[in-house]
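Undergrad: Sharing a structure below in structure tokens format, with a few things to ask.
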Amino acid sequence: MTAGAMRRVDPFDLPEWLGEEQVTWAAESGLRGGHAVPGRLTGGAHDPVPCDLLAVDEAYPVPVAEQDVRHDAHQAWRHGQVLLVGPGDRLTLAVPGTRFTADLVLDAMSRLAKAVGASPDHYSVLLRIGADTR
């Protein structure tokens, strides 16, 4: 994902079932792999929704997000929300930080649930550990 490719996503433009049913976010790679974790949201008999996590403060060797996106991600987080962005049809949760922990993923998914009007109790997370690339 390039910094210039991000556009804001309105949670009301997401599929309704994300706010109405049991939803699972499953990582497609390990958390230890770096600042971006690809994943998908699934629930019931619906088509999966691609949903990635992006730690917006990673800046080496180049910034992964433009300054306004980093600012908006931090501002949303401070107010108990998560910034939703996307290139094309891939939803991305823009999260402050440079890497992900299990707790940070759970917090981000809880904020996504609230954004679509769901209870965080209806969301579950399936993580992959991955190899540490540091």
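Values quoted throughout were computed directly from the atomic coordinates according to the rules given, and no laboratory measurement underlies them. What you see is a predicted model, and the numbers here were worked out from it, not measured in a lab. Heads up, the Cβs are rebuilt from the backbone with ideal geometry, glycines too, and the neighbour counts pull from every protein chain shown.
Undergrad: I'd like the GluC sites (Glu not before Pro) in the range 1-67 restricted to DSSP loop residues with at most 16 other Cβ atoms within 10 Å, sorted by number.
TA: Hits after loop and neighbour filter: Glu20, Glu21, Glu28, Glu66.
Undergrad: Continuing with the same structure: For every other residue with a beta carbon closer than 15 angstrom to the beta carbon of Val37, add +1 if it is Lys or Arg and -1 if Asp or Glu, then tell me the sum.
TA: -2
Undergrad: Compute the signed sum of charges (Lys and Arg +1, Asp and Glu -1) over the other residues within less than 15 Å, Cβ to Cβ, of Leu14.
TA: Once all neighbours under 15 Å are counted, the net charge is -2.
Undergrad: Could I ask something else about it? Cα axis of helix 102-115 to longest principal axis of the chain: angle in degrees, 0 to 90, nearest 10?
TA: With rounding to tens, the tilt is 50 degrees.
Undergrad: Roughly how tilted is helix 67-78, in degrees to the nearest 10 and between 0 and 90, from the longest Cα axis of the chain?
TA: Taking the Cα atoms of the chain, the angle to 67-78 is about 50 degrees.
Undergrad: Give me the percent of DSSP beta bridges within the range 3-126 that run antiparallel, rounded to the nearest 5.
TA: Percentage antiparallel, nearest 5: 60.
Undergrad: All other residues with a Cβ under 15 Å from the Cβ of Ser110 taken together, and with Lys, Arg as +1 and Asp, Glu as -1, what is their net charge?
TA: -1
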